[in-house]
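Read the figures in this text as sums done on the coordinates, not as results from a lab. As the structure is a prediction and not an experimental result, all values here were calculated from the model. Cβ placement follows ideal geometry from the backbone for every residue including glycine, while neighbour counts extend to all protein chains displayed.
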Ligand code: UDP
């Protein structure tokens, strides 16, 4: 196995599936199955989920809600997704714990690093909801930070595209995919992998990132087994 402990980042939008808003239950079930496969291989799995399918802080400013308030609304949106994912994982027969960056004691535990690691060691899937718990951050930054804190081997960023391209493959037909990239090159070429805060955290802590297509069954398993799926971004 190439990775023993992974931090899987899923965007909120990914949960919409074919819908325009909210959560697609088929998509959730599909993700649960993919996660189950790596869990059954003995991989320790932590997950950060976004909230973009429900609410984004920057959106709020347009409607007169101040940015900080909007960001907290965004964090609550990630918790809704996290709870839905938790249910799907449990229905798939997995043990889970949801840990929140803000206090929501009736539904989940607060994030405590040592406890998170203990859950992982016991084979529980740990979902980090509510981001870092601070405004002006994103769930990508949360993924990088939590991955470093729990000493994950890699951040796996599940997207709709199968890696990092020279240009946006949905707009430019001539775009080609990178199999590997260094942090330096990704930065110099201005390739949009994560926001800068998230990206820099990974770079400074030598934490590799894999960008891959989460919607293709088997991909997650293949990455963990060491196959060259998606784009691997590392220090070298
Ligand atoms: N957010 C935040 N602090 C965090 C994580 C998230 O304020 O640590 C807010 C922010 O407003 C963000 C929203 O939660 O827009 C939803 O997260 P994100 O946009 O990262 O979700 P994704 O794009 O992955 O669906």
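Based on Cα contacts under 8 Å between residues 6+ apart, the range 1-127 shows a relative contact order of 25 percent.
Normalised by the number of residues in the chain, the average gap of Cα pairs under 8 Å and 6 or more apart makes the relative contact order 23 percent. Potential lengthening of the chain between residue 91 and residue 236 amounts to 48.1 nm, from the contour at 0.36 nm per residue minus the alpha-carbon distance. Annotation for the range 145-181 versus the range 84-140: alpha-carbon center distance of 23 Å. Peptide packing for 137-149, 63-75 was compared via the average number of neighbouring C-beta atoms within 10 Å per residue; ordered from the highest value, the list is 137-149, 63-75. In percent, rounded to a whole number, the relative contact order of the range 100-216 is 28, using alpha-carbon pairs under 8 Å and six or more apart.
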